[in-house]
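Accompanying notes for the structure given below.
The values are calculated or read from the model by the stated rules, or taken from the named source; none is laboratory data. Since this is a predicted model, take the numbers as computed values, not measurements. Every residue, glycine among them, receives a Cβ derived from its backbone with ideal geometry; neighbour counts consider all protein chains shown.
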Amino acid sequence: MHLATMLYNLHTHRPVLTPGVVEIESVYFGQEKKPLSPRLSVGLHPWHLHGVDWIQAEQWLREQAADPAIVAIGEAGLDKVVATPWDVQMTAFQLCFNVSEENNKPLILHCVRAFDELLALKKTWKPAQAWIFHGFEKNAETARRLLQAGCYLSFGAALFREKSRAAEALRQTPANRLFLETDAADFSIEKVYQRAAELRGETPEKLAAQIAENMAALFG
């Protein structure tokens, strides 16, 4: 698929630097691999917090967030499957939330079986910055709750699964709350646009134009 409109990949760990594609590469504290994309998000990922030095982590996050190349904070969030203790995850998430708010940059969220907790925190903390749930793969009811709370959803690999719950969630997501991504997958963002457009019953061109508007609204 070749589109005249610029394509946006909200969240990737494997940037390919393709002409006509804007990628936000996700970088976590302690990552050894040097980032390649000119646009980055930085965060304290719940999978990578073992033995974390909080002074170093906070210093790194705040220094990174001040860089214009950093367009978002995250991924950050809560995960009930990973072995990282809950209190450690909460400390990391609150730090990322604070940095997101202080730097006026959207927060890209990692969530595994913790939607209730994150929605409760959003209600309590009342963020001014957008919360974007990346890699959304849950059902339409979960999507409805997140959207009702003012969140955004980013879809990727789950759209290709047979009998995907995310397909109906995608169809019900308002166009102005929608993003697409590749995350750590080895397929192209073009394929994600093609699949998402097919599921929504619209042209890839229309979808690409809308997501370009969404990116401009949140990231400038």
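One table, with the values for the structure above:
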quantity: Condition met for ASN103 (without any contact (Cβ under 8 Å) to a residue 40 or more places away in the chain, among the polar types (S, T, N, Q) and more than 22 Å from LEU180 (Cα to Cα)); calculated: yes
quantity: Pick from region 2-46, criterion surrounded by 14 or more Cβ atoms within 10 Å (Cβ to Cβ), out of contact with any Pro (no Cβ under 7 Å at 6 or more places or on another chain) and without any contact (Cβ under 8 Å) to a residue 40 or more places away in the chain, ranking: farthest from PRO68 (Cα to Cα); calculated: GLY30
quantity: Of the criteria (1) in contact with a Lys or Arg (Cβ under 6 Å, 6 or more places away or on another chain); (2) surrounded by fewer than 16 Cβ atoms within 10 Å (Cβ to Cβ); (3) of a type in the set (A, V, I, L, M, F, W, C), which one ILE55 fails; calculated: (1)
quantity: Residue list for region 64-94, restricted to those being surrounded by fewer than 24 Cβ atoms within 10 Å (Cβ to Cβ) and under 15 Å from SER41 (Cβ atoms); calculated: GLN64, ALA65, ALA66, ASP67, PRO68, ALA69, ILE70, VAL71
quantity: In region 1-42, the residues that are in contact with a helix residue (DSSP H, G or I) (Cβ under 8 Å, 6 or more places away or on another chain) and of a type in the set (D, E, K, R); calculated: GLU23
quantity: Residue that is modelled with the highest pLDDT [pool: residues in region 140-168 that are among the acidic types (Asp, Glu) and more than 16 Å from ASP116 (Cα to Cα)]; calculated: GLU168
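Yes/no per residue for (1) hydroxyl-bearing (Ser, Thr, Tyr); (2) in contact with a Cys (Cβ under 9 Å, 6 or more places away or on another chain):
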{"site": "THR12", "(1), (2)": "yes, no"}
{"site": "PRO15", "(1), (2)": "no, no"}
{"site": "THR18", "(1), (2)": "yes, no"}
{"site": "GLY30", "(1), (2)": "no, no"}
{"site": "SER41", "(1), (2)": "yes, no"}
{"site": "GLY51", "(1), (2)": "no, no"}
{"site": "PRO68", "(1), (2)": "no, no"}
{"site": "VAL71", "(1), (2)": "no, no"}
{"site": "ASP79", "(1), (2)": "no, yes"}
